[in-house]
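This report concerns only the one structure given below.
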C-alpha cells in the first residue's frame, strides 16, 4: 500500500502495546518495553487485556444475535487478533457490515486482514481519531446506513481522552447520529485497583505515548446517560453476561463496561 504514513517505532502506541499484552507479534521493542513496565507494576495487566477481549466477543455475539444488529462502528479497533468484531458478527449474520476506526499506521497496514468480509456483508477501515467524530461519521456513511440501527463500539478507547467532558461529548455526538434502536458498548480501565492506577501513572509519565485515564464505574456509567442501560449495568468486564461455562465467581479486574440501547 503506497502513500501510507510512516510508523514511528520510537514512541509506544496503545494499539501495539495492547497487541503485545494479548500475546500478538505486531509490535516493536518500544511497545514491549512499555508493556513490560506496566506488568512489573501491575502483574494482572495481561489477564485484564484477555478478559476485556472476551467481553467484546460476548457483546458482539449478543448484538448480532439477540439484538439483531447488522451494522457495527468499532472505534479504536486495534490490531487484528482472534475474534475480531466482524468475525464474531458475521458468524451469526453474514450480511453484517462493520467499519473499523483507528489512528495507528500499523493498523492501516493490516487493514487487508480486517477487510476480509463474509459474502453479502462488508467491512471497511477508516484512519481517524475518536476525537474527530465528524470525520468518523462522514467516512463511515460510505459503508453504514445511518437510517438503520448501528452498534457503536468504544472498547478501551475513551481512556485516551483525558477530559471527562470531552469524552462524554464525543459519545453524545456519535450517538446523536445513530437512529433509535442503536446500541452503545463501552469498556475502559478503572481506578479500582491501586497497583493498576500506579502502573498507568508511570506509563503516562515515561512512555511518551498518549496518556491513559482510568475512571471509576460511576464516571464510565455517565457515557450511557439518556440511553437504556442493559442488565447487569456497568460492571467489571468479567461480570458482563459471562458464558454459562464461566466460573460462578468471575475474577475482578481493573476494567469495567456496559451496553445500552438508544430509545
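The values are calculated or read from the model by the stated rules, or taken from the named source; none is laboratory data. From a predicted model like this one, the values you see are computed outputs, not experimental measurements. Please note: Cβ atoms are built from the backbone with ideal geometry, for glycine as well, and neighbour counts cover all protein chains shown.
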When residue 252 is run through (1) modelled with pLDDT of 95 or more; (2) touching a strand residue (DSSP E or B) at 6+ places or on another chain (Cβ under 6 Å); (3) assigned to a loop (DSSP other than H, G, I, E, B), the failure sits at (1)
Looking at the range 88-116 only, could you name the residues that are more than 22 Å from residue 24 (Cα to Cα), touching a strand residue (DSSP E or B) at 6+ places or on another chain (Cβ under 8 Å) and surrounded by fewer than 19 Cβ atoms within 10 Å (Cβ to Cβ)?
none
From 212, 196, which residue is surrounded by 17 or more Cβ atoms within 10 Å (Cβ to Cβ), in a loop (DSSP other than H, G, I, E, B) and out of contact with any strand residue (DSSP E or B) (no Cβ under 6 Å at 6 or more places or on another chain)?
212
The helices (runs of 4 or more DSSP H) lying entirely within the range 1-104 that contain at least 3 residues which are within 16 Å of the chain's Cα centre (by Cα) and within 30 Å of residue 182 (Cα to Cα) are 14-21, 45-64, 85-92
Kindly provide the set of residues from the range 117-134 that are in a loop (DSSP other than H, G, I, E, B), more than 15 Å from the chain's Cα centre (by Cα), modelled with pLDDT of 90 or more and surrounded by 16 or more Cβ atoms within 10 Å (Cβ to Cβ), ordered by number.
121
Among the numbered conditions (1) under 24 Å from residue 197 (Cα atoms); (2) touching a helix residue (DSSP H, G or I) at 6+ places or on another chain (Cβ under 7 Å); (3) surrounded by 19 or more Cβ atoms within 10 Å (Cβ to Cβ); (4) at pLDDT 85 or above, tell me where residue 32 comes up short.
(3)
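Suppose we filter 15, 64 for residues that are buried (at least 16 other Cβ atoms within 10 Å of the Cβ), in contact with a strand residue (DSSP E or B) (Cβ under 9 Å, 6 or more places away or on another chain) and under 21 Å from residue 91 (Cβ atoms); which single one remains?
After ruling out the rest, the residue left standing is 64.
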Given 137, 154, which one is touching a helix residue (DSSP H, G or I) at 6+ places or on another chain (Cβ under 9 Å), part of a strand (DSSP E or B) and in contact (Cβ under 8 Å) with a residue 40 or more places away in the chain?
154
Filtering the range 226-241 down to residues that are buried (at least 18 other Cβ atoms within 10 Å of the Cβ) and under 13 Å from residue 57 (Cβ atoms) yields 237, 238, 240
Go through the range 216-231 and give me each residue that's more than 22 Å from residue 149 (Cβ to Cβ) and touching a helix residue (DSSP H, G or I) at 6+ places or on another chain (Cβ under 7 Å).
219, 222
For the structure I just gave you, tell me whether residue 170 is part of a helix (DSSP H, G or I) and touching a helix residue (DSSP H, G or I) at 6+ places or on another chain (Cβ under 6 Å).
yes
Kindly indicate which of 161, 193 is closer than 19 Å to residue 78 by Cα and in contact (Cβ under 8 Å) with a residue 24 or more places away in the chain.
161
